[in-house]
Amino acid sequence: MLYPTRFDVIVVGGGHAGTEAALAAARAGANTLLLTHNIETLGQMSCNPSIGGIGKGHLVKEVDALGGAMAAATDEAGIQFRILNASKGPAVRATRAQADRLLYKQAIRSRLENQPGLTLFQQAVDDLTLEGDRVSGVVTQIGIRFEAAAVVLTAGTFLNGLVHVGLENFRAGRFGDPPSISLAQRLRELQLPVGRLKTGTPPRLDGRTIDFSVMEPQPGNDPVPVFSFLGSAAQHPRQVPCWITHTNARTHDIIRAGLDRSPMFTGVIEGVGPRYCPSIEDKIHRFAGKDSHQVFMEPEGLNTHEIYPQGVSTSLPFDVQLALVRSIRGLENVHILRPGYAIEYDYFDPRNLKASLETKSIAGLFFAGQINGTTGYEEAAAQGLLAGVNAARYCRELTPWCPRRDQAYLGVLADDLITRGVSEPYRMFTSRAEYRLSLREDNADLRLTEIGRELGLVDEVRWTAFCRKREAIAREVERLKATWVNPRLLPESEACRVLGKPMEREYRLFDLLRRPEVSYASLLTLPDAGVALEDAQVVEQVSIQAKYQGYIDRQQDEVEKALANETLALPVDLDYGEVRGLSIEVQQKLNQHRPETLGQASRIQGVTPAAISLLLVHLKRRL
Ligand code: FAD
């Protein structure tokens, strides 16, 4: 039998974008091939072994709501779970988990191996094949040709990757992995607009040489949170604490003395690094007045002594790395298992992508993940899922799915990338979402699972569980709205206990729950209030709907007002030179970016609200 060489979708790269892309394409019905350098590194975490956090956790929950793998794999691999911003409003609450690196890879690989319609193959891709201006397949390092209508490129930090440790540098995709040179060359030949970015990672430490007794332990939350909407704490492996220590004045002196051999400070590195995840040398330089920085000691797994010291990412020479970590309390005798390093790599200006993540210039070619200028596993996974499902839809000539900014962080992410581009590695924050009251972690399934089902991404098990949950929420809200409590029929103490003061009139249970001081649990202790539901997810939704509905409704009104212009399509042949009153600068920007909708046009830097009004007038005239 011939080896299969023809597929609907080929995904290149088995990182966080590639694995979600391949799974999504296959779930959406495409015969999919995942090609990657090394099957052993499927789902590998290049940097810290943790998933989630503010904004990022929101993306993970959305990927989960659409049937993706990341949250479920984290539930199987997470060794410490926390809810960040637990005391703040639900919009900014976020789940974060420390993962066992090996368990995480196993969980991802098992999902890939068991996904119907997905073939795995270990090979580097060196070339893309084109027919006119459409992609038609790829060629691997040993010359095997694979054909497909759509190709999703998720090459991460590998394209022209250059690793730096002090003034030494060498080509690599990340430490220990080969770079992608031929493919990077090919993409440059195709005139795709390329830039250079940089990221870095700390040295890894041997836990047996660390004195944890002088550090502050940081336990996870109890009860232990869960990432996937279908997950349970029973799936989690053993939970372990992290520890906190600090840099000090001596650490900072050592770093300052080493800056003349820093690739960043001597100009050897040209790529821009992530502002929100700076190296320790960058922090010392930028916050010169600060004499101490926190360092989190995070276990890399349950069956290893390796520790990830979060907060001391560095590309200083190895001797400086050793001296700086040994100057930190508890690390005086530490052994470094792997040196820290920085990596520079090619990325492609995402303003040349459509909202579906298909490139504008080559039909059927999709980009997802770090290649688009983002940083982070979660951002990569979310883009992977989007590109994967849209590649599958492209093959069947279906319209792409482009989530809106008011529907999902995934919509915010894609829209930010394609309209604003990046000037530094892009990471997600809740502050990037203008409708964040509606885009919460807790309601990602209510926002997206039905859409996922229509797209073919959500299986029967998830769909049944979701429908049951949605019905339970609706039923309980209805019941609370229909149930009245009459203070005259209550012993005074009962009413006071719930409200904290005498109840003066009749209330519906739902209206009582609106009050900040009334919890669902306390409400349900009232006589005749009924039996409290046990499903924590349902109870959370009922409570949030009661407490925040007013604000959410107001936000929905804003969404509806904005939506009319947001989705107004801009004709592909629109000549911006013909729009009366538009400045030359705005014309150039619009001609360069070719936005697909008026909403996208409004978010391009330099395109003013006045310019949008002129465009609107012009479009109405054309109709
Ligand atoms: P990757 O995870 O890099 O995966 C790319 C995949 O493509 C790999 O499997 C690779 O083998 C494969 N591949 C590449 N080229 C080819 C080819 N030609 N043929 C076949 N397969 C190919 N993120 C943060 O959020 N914070 C940080 O502090 C941070 N620091 C980092 C430090 C370092 C040193 C590195 C390397 C990454 C860091 N990251 C950080 C980024 C994080 O690892 C990435 O954002 C994330 O892994 C991107 O996922 P991806 O799927 O796009 O790419």
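Looking for something under 21 Å from the mean Cα position of the chain (by Cα), outside any loop (DSSP other than H, G, I, E, B) and farther than 16 Å from ALA28 by Cα - is there at least one such residue anywhere in the range 458-467? No, the range 458-467 contains no residue that is under 21 Å from the mean Cα position of the chain (by Cα), outside any loop (DSSP other than H, G, I, E, B) and farther than 16 Å from ALA28 by Cα. The residues of the range 356-373 that are buried (at least 24 other Cβ atoms within 10 Å of the Cβ) and more than 22 Å from ARG393 (Cβ to Cβ) amount to a single one, GLN370. Restricting ARG196, ARG204, ARG171 to those that are within 16 Å of the ligand (Cβ to nearest atom) and over 25 Å from the mean Cα position of the chain (by Cα) reduces the list to ARG171.
Where strands (runs of 3 or more DSSP E) fall entirely within the range 64-133, those with at least 3 residues that are surrounded by fewer than 19 Cβ atoms within 10 Å (Cβ to Cβ) and in contact with a strand residue (DSSP E or B) (Cβ under 7 Å, 6 or more places away or on another chain) are at 118-122, 125-131.
Mind checking whether some residue in the range 7-21 is among the hydroxyl-bearing types (Ser, Thr, Tyr), crowded, with 24+ Cβ neighbours inside 10 Å and near the ligand (Cβ under 6 Å from one of its atoms)?
Of the residues in the range 7-21, the ones among the hydroxyl-bearing types (Ser, Thr, Tyr) are 19.
Those still in the list that are crowded, with 24+ Cβ neighbours inside 10 Å too: 19.
Then drop every residue that is not near the ligand (Cβ under 6 Å from one of its atoms), which leaves none.
No, every residue in the range 7-21 fails to be among the hydroxyl-bearing types (Ser, Thr, Tyr), crowded, with 24+ Cβ neighbours inside 10 Å and near the ligand (Cβ under 6 Å from one of its atoms).
Residues being of a type in the set (A, V, I, L, M) and not in a helix (DSSP H, G or I): count how many of those fall in the range 468-485. Even if it seems obvious, please write down each step before you answer.
Start the filter on the range 468-485 by keeping residues that are of a type in the set (A, V, I, L, M), which leaves 472-474, 477, 480, 482, 485.
Still in the running and not in a helix (DSSP H, G or I): 485.
Counting residues in the range 468-485 that are of a type in the set (A, V, I, L, M) and not in a helix (DSSP H, G or I) gives 1.
Applying a threshold of 8 Å to beta carbon distances and a minimum spacing of six or more residues, or different chains, the list of pairs starting in the range 321-343 at a residue that is touching a residue at least 12 places away in the same chain (Cβ under 8 Å) and ending at one that is of a type in the set (D, E, K, R) and within 15 Å of the ligand (Cβ to nearest atom) reads ILE336/ARG204; LEU337/ARG204; ARG338/ARG204; ALA342/LYS198; ILE343/ARG174; ILE343/LYS198. Residues of the range 518-572 that are over 14 Å from LEU480 (Cβ atoms), in a helix (DSSP H, G or I) and hydroxyl-bearing (Ser, Thr, Tyr): TYR548, TYR551. Kindly evaluate GLY452 against the criterion of being more than 16 Å from the ligand (Cβ to nearest atom), closer than 27 Å to PRO595 by Cβ and out of contact with any Asp or Glu (no Cβ under 8 Å at 6 or more places or on another chain). Spelling it out, GLY452 is indeed more than 16 Å from the ligand (Cβ to nearest atom), closer than 27 Å to PRO595 by Cβ and out of contact with any Asp or Glu (no Cβ under 8 Å at 6 or more places or on another chain).
Going residue by residue through the range 216-231, is there one that turns out to be more than 30 Å from ALA444 (Cβ to Cβ), at pLDDT 95 or above and not polar (S, T, N, Q)? Before the answer, list the steps.
Here is the first cut: in the range 216-231, the residues more than 30 Å from ALA444 (Cβ to Cβ) are 216-217.
From the residues that got through so far, the ones that are at pLDDT 95 or above too are 216-217.
Subsequent filtering for residues that are not polar (S, T, N, Q) retains 216-217.
Taking every residue of the range 216-231 in turn, at least one turns out to be more than 30 Å from ALA444 (Cβ to Cβ), at pLDDT 95 or above and not polar (S, T, N, Q).
Of the residues that make up the range 341-350, is at least one farther than 27 Å from ASP445 by Cα, small (Gly, Ala, Ser) and within 13 Å of the ligand (Cβ to nearest atom)? Spell out the reasoning first.
Residues of the range 341-350 farther than 27 Å from ASP445 by Cα: 341-350.
Filter once more, keeping what is small (Gly, Ala, Ser): 342.
Within this subset, residues satisfying the condition of being within 13 Å of the ligand (Cβ to nearest atom) are 342.
Taking every residue of the range 341-350 in turn, at least one turns out to be farther than 27 Å from ASP445 by Cα, small (Gly, Ala, Ser) and within 13 Å of the ligand (Cβ to nearest atom).
I'd like to check something: does the range 47-58 contain any residue that is within 23 Å of ASN372 (Cβ to Cβ), away from the ligand (no atom under 11 Å from the Cβ) and part of a helix (DSSP H, G or I)? Yes - at least one qualifying residue is present in the range 47-58. Taking the numbered list (1) closer than 22 Å to ILE10 by Cβ; (2) in contact (Cβ under 8 Å) with a residue 60 or more places away in the chain; (3) more than 10 Å from the ligand (Cβ to nearest atom) in turn, GLU189 passes all entries but (2). On the stretch given as the range 324-379, residues that are of a type in the set (Lys, Arg), part of a loop (DSSP other than H, G, I, E, B), under 14 Å from THR419 (Cα atoms) and out of contact with any Cys (no Cβ under 9 Å at 6 or more places or on another chain) total 1. Every condition in (1) within 8 Å of the ligand (Cβ to nearest atom); (2) at negative phi; (3) not acidic (Asp, Glu) holds for GLY156 except the one numbered (2).
For beta carbons closer than 6 Å, sequence separation of 6+ or different chains, a first residue in the range 539-566 that is exposed (fewer than 14 other Cβ atoms within 10 Å of the Cβ) and a second that is at pLDDT 80 or above and among the hydroxyl-bearing types (Ser, Thr, Tyr), there are no qualifying pairs.
Within the set ARG134, ARG174, the sole residue that is modelled with pLDDT under 95 and assigned by the TED database to the domain that holds THR19 turns out to be ARG174. Within the set ALA148, ALA172, the sole residue that is of a type in the set (Gly, Ala, Ser) and surrounded by 21 or more Cβ atoms within 10 Å (Cβ to Cβ) turns out to be ALA148.
Of the candidates GLY388, GLY384, the single residue that is modelled with pLDDT of 95 or more, touching a strand residue (DSSP E or B) at 6+ places or on another chain (Cβ under 7 Å) and part of a helix (DSSP H, G or I) is GLY388. Pull up the range 22-38, narrow it to residues that are surrounded by fewer than 23 Cβ atoms within 10 Å (Cβ to Cβ) and over 14 Å from ALA124 (Cβ atoms), then point me to the one that is farthest from the ligand (Cβ to nearest atom). Checking each candidate, the answer is GLY29.
Annotation note: Cβ proximity below 8 Å between a residue of the range 521-535 that is in contact (Cβ under 8 Å) with a residue 60 or more places away in the chain and a residue that is polar (S, T, N, Q) (sequence gap 6+ or interchain) occurs for no pair.
Does THR399 meet the test of being at negative phi, free of Cβ contacts under 8 Å to residues at least 12 places away in the same chain and more than 14 Å from the ligand (Cβ to nearest atom)?
On the way: at negative phi: yes; free of Cβ contacts under 8 Å to residues at least 12 places away in the same chain: yes; more than 14 Å from the ligand (Cβ to nearest atom): yes.
Taking the combined requirement at face value, the residue satisfies it.
Among the candidates ILE284, ILE269, ILE280, ILE181, which residue alone is more than 16 Å from the ligand (Cβ to nearest atom) and of a type in the set (Val, Ile, Thr)?
Every option except ILE284 fails the conditions.
Can you work out which of the residues in the range 305-331 that are under 31 Å from the mean Cα position of the chain (by Cα) and over 17 Å from ILE244 (Cβ atoms) is surrounded by the fewest Cβ atoms within 10 Å (Cβ to Cβ)? So the residue we want is HIS305. The single condition among (1) closer than 21 Å to PRO299 by Cα; (2) surrounded by 14 or more Cβ atoms within 10 Å (Cβ to Cβ); (3) under 31 Å from the mean Cα position of the chain (by Cα) that VAL272 does not meet is (1). Here the range 539-563 is the region considered, the condition is being at pLDDT below 85 and among the acidic types (Asp, Glu), and the residue that is farthest from SER519 (Cα to Cα) is GLU560. Taking the criterion of being over 16 Å from LYS61 (Cα atoms), among the acidic types (Asp, Glu) and not in a helix (DSSP H, G or I), the residues of the range 407-445 that qualify are GLU424, GLU434.
The values are calculated or read from the model by the stated rules, or taken from the named source; none is laboratory data. Values in this document were obtained by computation on a predicted structure and should not be read as measured data. Glycine gets a Cβ as well: all are built from the backbone with ideal geometry, and neighbour counts include every protein chain shown.
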